[in-house]
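Engineer: Attaching a single structure in structure tokens format; questions to follow.
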Amino acid sequence: QVQLVESGGGLVQAGGSLRLSCAASGSIFAVKTMNWYRRAPGKQRELVAGINSGDVTNYADSVKGRFTISRDNAKNTLNLQMNSLKPEDTAVYYCNVVSITNDYWGQGTQVTVSS
């Protein structure tokens with residue numbers, strides 16, 4: 001079973017940047033989309049950014065212009081560059097990969113933005 005492991009979370013001041021990475025322990029066949037979700041305290045999980053097999057990206061309105069999703073197929077990694085961070089970006093961020101047969105999730109990485 002392929003596992004996803006996120007890294008790069010931490011504590012940063014408002015206006016700062018973080019880069020999240022998600023590494024897959026093996027190859028995933030027929031990937032449809034790769035996504036970053038987040039869950040803030042007391043809120044539902046929300047889609048932050050996604051990238052499909054054609055490298056088309058989509059972003060939540062709240063992060064457009066600040067976050068950039070990218071992937072490295074050779075390294076089986078998914079990245080999220082987060083700039084101009086705001087306290088409301090504080091959440092646990094999850095990596096998600098959807099293939100034609102499975103839906104994979106990482107354990108999450110905490111991002112805390114102080115004001």
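Engineer: Is it the case, given these coordinates, that Thr101 is more than 12 Å from Trp36 (Cα to Cα), more than 13 Å from the chain's Cα centre (by Cα) and assigned to a strand (DSSP E or B)? Steps first, answer last, please.
Structural biologist: Values: more than 12 Å from Trp36 (Cα to Cα): yes; more than 13 Å from the chain's Cα centre (by Cα): yes; assigned to a strand (DSSP E or B): no.
Against the criterion (more than 12 Å from Trp36 (Cα to Cα), more than 13 Å from the chain's Cα centre (by Cα) and assigned to a strand (DSSP E or B)), Thr101 does not qualify.
Engineer: Please specify each residue of segment 11-39 satisfying the condition of being among the hydrophobic types (A, V, I, L, M, F, W, C) and not in a strand (DSSP E or B).
Structural biologist: Quick first cut of segment 11-39, residues among the hydrophobic types (A, V, I, L, M, F, W, C) only: 11-12, 14, 18, 20, 22-24, 28-31, 34, 36.
Those that are among the hydrophobic types (A, V, I, L, M, F, W, C) and not in a strand (DSSP E or B): Ala14, Ile28, Phe29, Ala30.
Engineer: Kindly establish whether Thr90 is open to solvent by less than 60 Å² (accessible area, probe 1.4 Å) and either touching a Ser or Thr at 6+ places or on another chain (Cβ under 9 Å) or farther than 14 Å from Cys22 by Cα (or both). Spell out the reasoning first.
Structural biologist: On the way: open to solvent by less than 60 Å² (accessible area, probe 1.4 Å): yes; either touching a Ser or Thr at 6+ places or on another chain (Cβ under 9 Å) or farther than 14 Å from Cys22 by Cα (or both): yes.
For Thr90, the condition - open to solvent by less than 60 Å² (accessible area, probe 1.4 Å) and either touching a Ser or Thr at 6+ places or on another chain (Cβ under 9 Å) or farther than 14 Å from Cys22 by Cα (or both) - is met.
Engineer: Could you give every pair whose Cβ atoms fall below 6 Å, whose first residue belongs to segment 48-66 and is touching a residue at least 24 places away in the same chain (Cβ under 8 Å), and whose second residue is open to solvent by 10 Å² or more (accessible area, probe 1.4 Å) and part of a loop (DSSP other than H, G, I, E, B), counting only separations of at least 6 or pairs across chains?
Structural biologist: As it stands, the answer is Val48/Ala60, since those pairs meet every condition given.
Engineer: Suppose the filter is charged (D, E, K, R), without any contact (Cβ under 8 Å) to a residue 24 or more places away in the chain and on the phi < 0 side of the Ramachandran plot; does Lys86 pass it? Don't jump to the end; show me each part of the working.
Structural biologist: On the way: charged (D, E, K, R): yes; without any contact (Cβ under 8 Å) to a residue 24 or more places away in the chain: no; on the phi < 0 side of the Ramachandran plot: yes.
Criteria not met by Lys86.
Engineer: Next up: How about segment 50-81: which of its residues are at pLDDT 95 or above and among the charged types (D, E, K, R)?
Structural biologist: Asp61, Lys64, Arg66
The values are calculated or read from the model by the stated rules, or taken from the named source; none is laboratory data. On a predicted model such as this, the values are computed, not experimentally measured, just so you know. When we count neighbours, we look across all protein chains shown, and the Cβ atoms used for this are built from the backbone with ideal geometry, even at glycine. What goes into the accessible areas is simple: the full protein's heavy atoms, side chains included, and nothing from ligands, DNA or RNA. Shrake-Rupley method; radii C 1.70, N 1.55, O 1.52, S 1.80 Å.
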